[in-house]
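Inspection log for the structure reproduced underneath, given as C-alpha cells.
The values are calculated or read from the model by the stated rules, or taken from the named source; none is laboratory data. Nothing here was measured: the structure is a model prediction, and the numbers come from that model. With ideal geometry, Cβ positions are generated from the backbone for all residues, glycine too; neighbour counts draw on all protein chains shown.
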Amino acid sequence: MGQAQTEQQRRQYLEAMGIQSWSLRQSQSADETLTSTETVVSPTIQAESAAPVAEKGIELPAVVTDWAGLQAEVSVCSRCELSQHRQQTVFGSGNRNADWLIIGEAPGAEEDAQGEPFVGPSGKLLNQMLLAIGLKREDVYIANIVKCRPADDRDPRVAEAAACEIYLKQQIALIQPKLIFAVGRIAAQNLLKSDQKVGDMRGQRFEYGETKIPLVVSYHPAYLLRMPSAKRKAWQDLLLARQILNNE
C-alpha cells in the first residue's frame, strides 16, 4: 500500500472521529502527530487501591493462572443476577500480550448475542479511533467491567461490578498491559474507585491500584455517537495515552 493511500485512509479514520484538519508534516517522524494544541501530561494521580472483593462479602472464585481456565470459569459464572438474563458471557477479545488494555462498561445486546465486546456501531467507532493512532483492533485487548449484559442495557450495579472485579483483575494480571484506556463513566469510576465525572477525570494520568499501570480516562464510543462534538476530546485522550506509553 502506497504512502498516499495510507495517509488518505488515516484521514478518513480521523474524519470519522470529527477531526478533519489534522495531517502529518513531512519533517515529523512516523510516531509524531500534528495537533492544534500541545498535549501536556499532568502529574501522576495515584488511584485508591482497589478493595479486595472478599471484604465486600462476596465469595471469591478460584484464582486461575491461565486463559483457558479463567475463560471457562467466567462462562459458567452465576455470582450475580446478571447471569440470569444473559445469552452468553462476554469474556474479552484481542491480543493477550497487548500494551493497550481497553476497558468498557458492560456488554449490550449485540455483544451478548455475539459473545464479543464492542461490536455494532460503538465497536466500529472504537476501531476507527484505534486506527487513527496507528493501532488495529487485534493489537489491543478489549474487555468490560462486567462480563454479562445488564437487562435493558442499564448501568451495572455496584454489587454486580464487585462480583466481576476478580475476573478483570486476573485478566490484567495475565496481560500485564503497559496502559489501561478506560472508556465511559462506569469503567473509570470502578477502576479508580471514584465518583468523579468522566469530564473531570480525562486529561490526566492515573495509576491502577497496586499495579501502578498508567490509566487514561475517555468517553465511551456510544456516548461519542450521541455527542459527536466530544470526539475531539476523545482524540486528545488517545494522544495523551500514546504519549504516556511512549514515555514509559
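All but one of (1) under 19 Å from TRP100 (Cα atoms); (2) surrounded by fewer than 20 Cβ atoms within 10 Å (Cβ to Cβ) hold for MET227; which doesn't?
Result: MET227 fails condition (1) only.
What about ASP153, is it under 29 Å from GLN84 (Cα atoms) and among the charged types (D, E, K, R)? Full working, then the answer.
Values: under 29 Å from GLN84 (Cα atoms): yes; among the charged types (D, E, K, R): yes.
Considered against the rule, which asks whether it is under 29 Å from GLN84 (Cα atoms) and among the charged types (D, E, K, R), ASP153 comes out as yes.
Mind checking which residues of the range 114-129 are under 21 Å from VAL217 (Cβ atoms), surrounded by fewer than 24 Cβ atoms within 10 Å (Cβ to Cβ) and free of Cβ contacts under 8 Å to residues at least 60 places away in the same chain?
Listed by number, the list holds a single entry, ASN127.
What are the residues in the range 134-158 that are surrounded by 18 or more Cβ atoms within 10 Å (Cβ to Cβ) and either at pLDDT below 95 or hydrophobic (A, V, I, L, M, F, W, C) (or both), if any?
The answer is LEU135, VAL140, ILE142, ALA143, ILE145, VAL146, CYS148, ARG149, PRO150, PRO156.
Answer yes if at least one residue in the range 193-207 is of a type outside the set (Lys, Arg), in a helix (DSSP H, G or I) and under 22 Å from GLY115 (Cα atoms), and no otherwise. So that I can check it myself, show each step before the final result.
Filtering the range 193-207 down to residues of a type outside the set (Lys, Arg) leaves 194-196, 198-201, 203-204, 206-207.
Next, only the ones that are in a helix (DSSP H, G or I) stay: 198-201.
Now drop any that are not under 22 Å from GLY115 (Cα atoms), which leaves none.
Checking the range 193-207: not a single residue is of a type outside the set (Lys, Arg), in a helix (DSSP H, G or I) and under 22 Å from GLY115 (Cα atoms).
Give the residues of the range 87-113 that are out of contact with any helix residue (DSSP H, G or I) (no Cβ under 6 Å at 6 or more places or on another chain), over 24 Å from TYR208 (Cα atoms) and buried (at least 18 other Cβ atoms within 10 Å of the Cβ), sorted by residue number.
Once the filter is applied, which keeps residues that are out of contact with any helix residue (DSSP H, G or I) (no Cβ under 6 Å at 6 or more places or on another chain), over 24 Å from TYR208 (Cα atoms) and buried (at least 18 other Cβ atoms within 10 Å of the Cβ), the range 87-113 yields GLU111, ASP112.
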